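One structure is given here, and the rest of the page talks about it.
The values are calculated or read from the model by the stated rules, or taken from the named source; none is laboratory data. Please read these numbers as outputs of a predicted model, since none were measured by experiment. Please note: Cβ atoms are built from the backbone with ideal geometry, for glycine as well, and neighbour counts cover all protein chains shown.
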Amino acid sequence: MTTGAPSPTYPARPRRSRLRTFLPLGIAAWLVLEIWLLLMVADATSGLVVFLLLVAGLVLGSVVIKRAGRRAFQNLNEALQRGGTPAPSGGGNGLMMLGGLLLMLPGLISDAIGLVLLVPPVQKVLGRYAERTVEKKLRQAGSGSLGDAFQQARIHRPDGKVVQGEVIRDEPRDTPEGPRPPLTH
């Protein structure tokens with residue numbers, strides 16, 4: 001039965017991006033492939049071999065992540081002691097951490113990709129590619145975008161003031177330092 005009232009119109013739903021459409025499907029296919037491959041290896045050898053492979057990947061991945069994190073922290077400390085910023089490592093530490101994470105995930109395909117990411121020439125190539133891609137995206141970013149905000153943050157302080165100067169301590173070095181007074185505004 002019609003009442004003569006117009007049917008409600010709903011705003012058009014925005015189209016889903018390709019990434020939002022295909023990413024869940026890709027993850028599901030990857031998981032199915034990982035499980036299938038683990039079952040094939042277990043069938044060909046034994047369940048104990050698969051278990052040992054998964055434990056070895058977990059241990060190796062945790063060692064790699066710990067080593068890469070320690071190296072990144074050491075580089076940061078050295079740069080701060082020099083008074084500069086850390087030099088870009090070409091994505092080496094980040095790719096090592098990603099490789100370690102992939103090794104820690106259960107599965108043989110993720111282990112193979114994680115091992116490939118630990119090879120230094122692969123790290124150099126992928127690091128340069130990622131750096132070029134990020135720079136290109138920042139250059140393409142229009143006014144008012146995230147890339148523009150990063151540029152402005154590097155150039156100006158939020159209040160617009162720039163204070164240039166040098167800190168010089170005027171106290172003799174041979175006197176023992178006692179407790180310092182608290183810093184106040």
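Based on this model, can you work out whether Leu138 counts as surrounded by 11 or more Cβ atoms within 10 Å (Cβ to Cβ), modelled with pLDDT under 90 and farther than 30 Å from Trp30 by Cα?
In short, yes.
Would you confirm whether or not region 75-82 contains a residue that is at pLDDT below 90 and assigned to a loop (DSSP other than H, G, I, E, B)?
No.
Given the criterion surrounded by 12 or more Cβ atoms within 10 Å (Cβ to Cβ), among the aliphatic types (A, V, I, L, M), part of a helix (DSSP H, G or I) and at pLDDT 90 or above, identify the matching residue among Val55, Val41, Val32.
The conditions single out Val41.
In region 36-48, what residues are of a type outside the set (Phe, Trp, Tyr) and free of Cβ contacts under 8 Å to residues at least 12 places away in the same chain?
Leu39, Met40, Ala42, Asp43, Ala44, Thr45, Ser46, Gly47, Leu48
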